[in-house]
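Everything below concerns the one structure shown next.
The values are calculated or read from the model by the stated rules, or taken from the named source; none is laboratory data. Source: prediction; values computed, not measured. Because the Cβ atoms are built from the backbone with ideal geometry, glycine has one as well, and the counts that use them run over all protein chains shown.
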């Protein structure tokens, strides 16, 4: 996404525990096998979830070993001597991991294959509004795909190629915590206009920057590569170290989600279908009354906005939501993004207008955890 309004803001980053993986090459890596022996009931139908109107197929198999490749040394994916590669060598080495993503109605983006069985890492924004998804591989093969799960808080989504996948070449996840200021990195993406793979090189110009992007708090890498969102960022050893999610062409900047965050989120989505500790933004049932609409219930006397449907914690029926921790709330999107910035268990203050009271009321709200896909 292009973004011209942002500011620095301190906020805790997502924890990530480094795991060692053996890459597809002869480099010295170890394989971390994420045992997907997930206890699920026999699915009599596709589990229906809605993310911006899309039915999500939660396709976790009862018995499946999912392999994510991670390096276990500083220079694991160069040549046999562990030497860094030039830009052309990195591009040639990882190009088959880059895919082009098409979503209906008319969105195009990039992603990167991270498992042999067809899990693909991309941005939440790329697929959030999708009613259908297709993926073009590096050899031109077009495959249908579905959304496995997503995490708006980190702008990460995992999609899965539908059906049996053979010959896929996943990327090797590096260690973004080892990146140095001024270190050379390479961004690669695959988009349709103009069609084909593109490669851009630059440097790491900032680390662990606390940013607010589209009202979401994130901890991001700064690069000197204003590449399109969804582009993969690699180091000179061919390891994935980030995923571009915001670009500022006028400033020559591309902001990237560190792989330390993206890898943690991807693993959680693949093995569980959700990320532990996230807030259930749907726990409070709300009426979202839009400007100009007809109010079916007389209690909507304050006009457009959010009204509580039923008592929940300290909320009462027909409370009118004014703000969350000082942030004005106009609709459900504002509410969702405001809550997404916190963790489950946090206690926040919500200001409401309540029937029978002439003054706004502060309500303490303990954020519940989302424990389902």
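Quick one: would you say residue 329 is surrounded by 15 or more Cβ atoms within 10 Å (Cβ to Cβ), touching a helix residue (DSSP H, G or I) at 6+ places or on another chain (Cβ under 6 Å), within 22 Å of residue 155 (Cα to Cα) and modelled with pLDDT of 90 or more?
Here the answer is yes, as residue 329 does meet what is asked.
Just checking: which of the strands (runs of 3 or more DSSP E) contained wholly in the range 152-256 hold 2 or more residues that are under 30 Å from residue 281 (Cα atoms)?
Result: 156-161, 195-213, 216-223, 239-248.
Among the residues of the range 288-299, is any surrounded by 19 or more Cβ atoms within 10 Å (Cβ to Cβ), more than 20 Å from residue 175 (Cβ to Cβ) and touching a residue at least 60 places away in the same chain (Cβ under 8 Å)? Step through it out loud before you land on a result.
Filtering the range 288-299 down to residues surrounded by 19 or more Cβ atoms within 10 Å (Cβ to Cβ) leaves 289.
Now restrict to residues that are more than 20 Å from residue 175 (Cβ to Cβ): 289.
Then keep just the ones that are touching a residue at least 60 places away in the same chain (Cβ under 8 Å); that gives none.
Checking the range 288-299: not a single residue is surrounded by 19 or more Cβ atoms within 10 Å (Cβ to Cβ), more than 20 Å from residue 175 (Cβ to Cβ) and touching a residue at least 60 places away in the same chain (Cβ under 8 Å).
Could you tell me whether residue 276 is touching a residue at least 24 places away in the same chain (Cβ under 8 Å), under 19 Å from residue 156 (Cβ atoms) and exposed (fewer than 14 other Cβ atoms within 10 Å of the Cβ)? Explain how you work it out, then say what you get.
Details: touching a residue at least 24 places away in the same chain (Cβ under 8 Å): yes; under 19 Å from residue 156 (Cβ atoms): yes; exposed (fewer than 14 other Cβ atoms within 10 Å of the Cβ): yes.
Against the criterion (touching a residue at least 24 places away in the same chain (Cβ under 8 Å), under 19 Å from residue 156 (Cβ atoms) and exposed (fewer than 14 other Cβ atoms within 10 Å of the Cβ)), residue 276 qualifies.
For residue 176, are the conditions met, namely being in contact with a helix residue (DSSP H, G or I) (Cβ under 9 Å, 6 or more places away or on another chain), assigned by TED's automatic domain parsing to the domain that holds residue 105 and within 21 Å of residue 253 (Cα to Cα)?
Here the answer is yes, as residue 176 does meet what is asked.
Quick check: anything in the range 303-324 modelled with pLDDT of 95 or more and at positive phi?
Scanning the range 303-324, I find at least one residue that is modelled with pLDDT of 95 or more and at positive phi, so the answer is yes.
For residue 259, are the conditions met, namely being at pLDDT 90 or above, out of contact with any helix residue (DSSP H, G or I) (no Cβ under 7 Å at 6 or more places or on another chain) and within 23 Å of residue 159 (Cα to Cα)?
For residue 259, the condition - at pLDDT 90 or above, out of contact with any helix residue (DSSP H, G or I) (no Cβ under 7 Å at 6 or more places or on another chain) and within 23 Å of residue 159 (Cα to Cα) - is not met.
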